[in-house]
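What follows is one structure encoded as structure tokens, with my remarks underneath.
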Amino acid sequence: MTASMQPVVFPDQITGAIAKAADTEGLKHRALASGAFHDAAHIASVCPSGMIFIPCRGGLSHHPDEWATPEGTALRARGCWRARWHSLPHEGAAEPVIHRSRDRRQCAG
């Protein structure tokens, strides 16, 4: 069985917020297309959406051996939070400080 879906283009408001968040976190980033049926592609018909990919060991994705470091995952989670912040109007409010922890227990919680 195969399925087909039209490509989804995420709005500049969201992709720009993700790029700005990555810049703030000091992360390298680039725009890329995904051929997978991600939830964001379906949600995009209801509300503005975007995606953040986490680099995995060996480049494996959607595979039982897919693995990412807890630190890398926490860093992208902060990026996701910042992207949400940057996508909304704040009328002069200072961007919140996100504390970085080297303690894995704090990164996971």
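Just so you know, all these numbers are worked out from the coordinates, no wet-lab data involved. Values in this document were obtained by computation on a predicted structure and should not be read as measured data. Using ideal geometry, Cβ is built from the backbone for each residue, glycine included, and neighbour counts are taken over all protein chains shown.
3J(HN,Hα) along the stretch 16-21, derived from phi through the Karplus expression 6.51 cos²θ - 1.76 cosθ + 1.60 where θ = phi - 60°, amounts to x, 5, 5, 4, 5, 5 Hz, with x in place of Gly and Pro. For the stretch 1-59, relative contact order (Cα pairs under 8 Å, six or more residues apart, normalised by length) works out to 43 percent. Take Val9, project a point 7 Å from its Cα along the Cβ direction, then tell me which residues of the stretch 47-87 have their backbone nitrogen under 15 Å from it. Residues 49 fall inside that zone. Give, as ranges by residue number, the residues of the stretch 1-33 whose backbone N falls under 18 Å from the point 7 Å along Cα→Cβ of Ile52. The answer is 10-33, whose backbone nitrogens lie closer than 18 Å to the label point.
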